[in-house]
Amino acid sequence: LHMEMYIDSAMGLIITVGGWWCKNQHDELKRVTVLLNRTREEIAKEYVSVTRQQSDMDRVIDRLDRLEGKLDRLIER
């Protein structure tokens, strides 16, 4: 009879500690998820997209090509 009580108490303690650990893990996962989402938002503010960067580079190259053409015409004179 006493052994049964000890086993029940131990099982109750194990289940309680396991439940507490699972809740802490769940809360930590939620916290990390929030931080990850904030980080993604901050990165999006600071960095340009690939298409935007390609568009900007195309504009720079076009201007350099025009400048090169003007320099070529100036040298030919």
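Odds and ends about this structure:
- Ligands, DNA and RNA aside, R31 has an accessible area near 120 Å² when probed at 1.4 Å.
- The portion of the accessible surface of the chain made up by carbon and sulfur, rounded to a whole percent, is 63 (1.4 Å probe; DNA, RNA and ligands excluded).
- Considering only Cα atoms, the convex hull volume of the chain works out to 87 Å³ per residue.
- Our helix-only sum for the chain, with -39,500 (n - 2.57) per DSSP H run of n ≥ 4 divided by its residues, gives a mean residue ellipticity at 222 nm of -34500 deg cm²/dmol.
- Helix axis angle, 50-76 relative to the chain longest principal axis, alpha carbon, degrees: 20 degrees
- Residues L64 and I43, FRET efficiency given R0 of 22 Å [Cβ-Cβ distance, rounded to 0.05]: 0.15
- Excluding ligands, DNA and RNA, the accessible surface per residue across the chain is 101 Å² with a 1.4 Å probe.
The values are calculated or read from the model by the stated rules, or taken from the named source; none is laboratory data. None of these values were measured; they are calculated from a predicted model. All Cβ positions, glycine included, derive from the backbone under ideal geometry; neighbour counts span all protein chains shown. Heavy atoms of the whole protein, side chains included, go into the accessibility calculation; ligands, DNA and RNA do not. Shrake-Rupley method; radii C 1.70, N 1.55, O 1.52, S 1.80 Å.
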